[in-house]
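This report concerns only the one structure given below.
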Amino acid sequence: MPRAHLRTQFTLMAPRFAISSLSLGNCANHQLPTKIRTAASLGYEGIEIFIPDFEAFVDEVRQGLHLDLFPDDKTPSEDSFEIDCAKATGSLCDSLNIAIPVLQPLRGFENFASSNCLGGGGLPAALEEAERWIKLMPHLKTRLLLVCSNYIEPEDHPFAPFDPAKEPLPSYSTTTETQMIPPGPARSPFFPAPTQDQLSTYLDTQVEAFRALGKVAARYGVRIGYEPLAWGSVVDNWEQVWDVARRVGRENVGIILDSFNCLANQYADPTVSPTFLRNAASCSQTPIPFPSRSPDMPPPRPHESLMAHLRPQNATHSALLQNLALLARTVPAHKIFLYQVADAGLPTIPPATIDAEPHTPARMVWSRATRLFPCEESRGAWLPVTDMSLVVVEAGYPATENYTCGDEDDAWWSVEVFNNSLMDPRPECVQEHGARGLAGLRTLWDRVCAGIEETRDQPAAPSPTPSEESQHSDESGSGGPVRSDTDTSEDVPSPSAVMKECQPVGRMASTKWMDGCIVG
């Protein structure tokens, strides 16, 4: 398929589309080679390799499967087993003309005093375990390793050790019937918020760790992308990972943006029913003083006023847009190494197919059970993913003409969706999810392009006055439902009404890339 360009007062390159192998079906039922072949046949340019998928592939080869991918149809020798499996995976992708933009996720690269960190023995062990995966990457022919922040078990938390005698675990319902999570503030029953000194010390440790990891990765020509998970016990937002990557100061260490994790942290709160919107007053939870744009940074992009045209729907949306505008102004495009895309349905108690301990964070449960592909409003998608994607464009990713992203590859937009539906054992599961993902990416890109065209000649939206901000804070500060600026009703809105209310301005349902797509 030819690459599309958006031509306005500047030239914007279309991103390359990829899908994570995990988003094509659970590895217990669907094999990695099948996923690669399906993604290529659907027209994706890339497929992320999910580490559990690769590990399942290695186990299957040990059982005598997939030997047609190896020289002479023979099982690889034990001393090079994982490397040979990586070579086979990379060669299969080469033969199908599909790239591997990233290997992911490397978990546990923090909290190094804990036995649960990567390697289980401090930073040296974590680096050694990380190098095990980095060594495979040249054979997979991928240059990017995703390192995510982590949920830390309460008894292992660095700021307040868990005492079950004093703090009993909350429990989720074990019924398979879908239920709304009870209303109330976001729960943190195990430890208090860190002091500024505690957080600073923790992030300082991450800076040193990523500096060391970057040095290891450089020996193999590999880049490291740091991604915040919305439920990270300490690191859970883009400000923190950018603060770490900026201070590391290495070309091969940057950040990864994920629409679900950004929005599930800054916009949504799965414990507040029925709106599920985060209290606007708490949206900017980690104010980190970033330096102003330095003289050696690239000049502002031609479309740098784009964010000013977005009109907030309510106080939470307004706070989100301010936070995202800070992202666009702060993070240079060449330090964004990947953009992952996902939407989600309403955060409800998932069926028992998703394993969750009683104290599992609500955002983690929500993420693993009910993510959706972008633009799937018909299935209940409601997060402002188009707004998030406009911000990524605002930051310069993908690149405008004469403005590069710091890599020889074009920018990737890659869908990463976890959902109960991926447990489906039917062979059709892979094709159906892959087609939905590609249709969603194409529709999202069309909406972003339409949004840029629509706002090009419009005056910027006025900033809320202090009195309006105060009024919004009063409305949302109690943890009750957040109303839109035009809502005059007295009744609590239904979830379906909330989804309609929270649609961002400028969403244009464009289907010009949808022809011929099989939507399952």
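The values are calculated or read from the model by the stated rules, or taken from the named source; none is laboratory data. Quantities reported herein were computed from a predicted structural model and do not represent experimental measurements. Backbone-built Cβ (ideal geometry, glycine too); neighbour counts: all protein chains shown.
A few remarks follow.
- Every test in (1) part of a loop (DSSP other than H, G, I, E, B); (2) touching a helix residue (DSSP H, G or I) at 6+ places or on another chain (Cβ under 9 Å) is passed by Leu213 save one, and that test is (1).
- Test: residue in the range 245-252 that is in a helix (DSSP H, G or I), under 18 Å from the mean Cα position of the chain (by Cα) and crowded, with 17+ Cβ neighbours inside 10 Å: yes
- Test: residue in the range 123-141 that is farther than 28 Å from Leu32 by Cβ, among the basic types (Lys, Arg) and assigned to a loop (DSSP other than H, G, I, E, B): no
- Condition met for Leu6 (at pLDDT below 95, hydrophobic (A, V, I, L, M, F, W, C) and more than 24 Å from the chain's Cα centre (by Cα)): yes
- Those residues of the range 331-352 which are modelled with pLDDT under 95 and either surrounded by fewer than 19 Cβ atoms within 10 Å (Cβ to Cβ) or not hydrophobic (A, V, I, L, M, F, W, C) (or both), in sequence order: Pro332, His334, Lys335, Gly345, Pro347, Thr348, Pro350, Pro351, Ala352
- With respect to being out of contact with any strand residue (DSSP E or B) (no Cβ under 8 Å at 6 or more places or on another chain), more than 27 Å from Trp366 (Cβ to Cβ), crowded, with 18+ Cβ neighbours inside 10 Å and at pLDDT 95 or above, Leu213 falls outside the description.
- Number of positions in the range 89-118 that are surrounded by 19 or more Cβ atoms within 10 Å (Cβ to Cβ) and without any contact (Cβ under 8 Å) to a residue 24 or more places away in the chain: 2
- Residue in the range 73-88 that is under 24 Å from Ala218 (Cβ atoms), crowded, with 21+ Cβ neighbours inside 10 Å and either under 24 Å from the mean Cα position of the chain (by Cα) or of a type outside the set (D, E, K, R) (or both) present: yes
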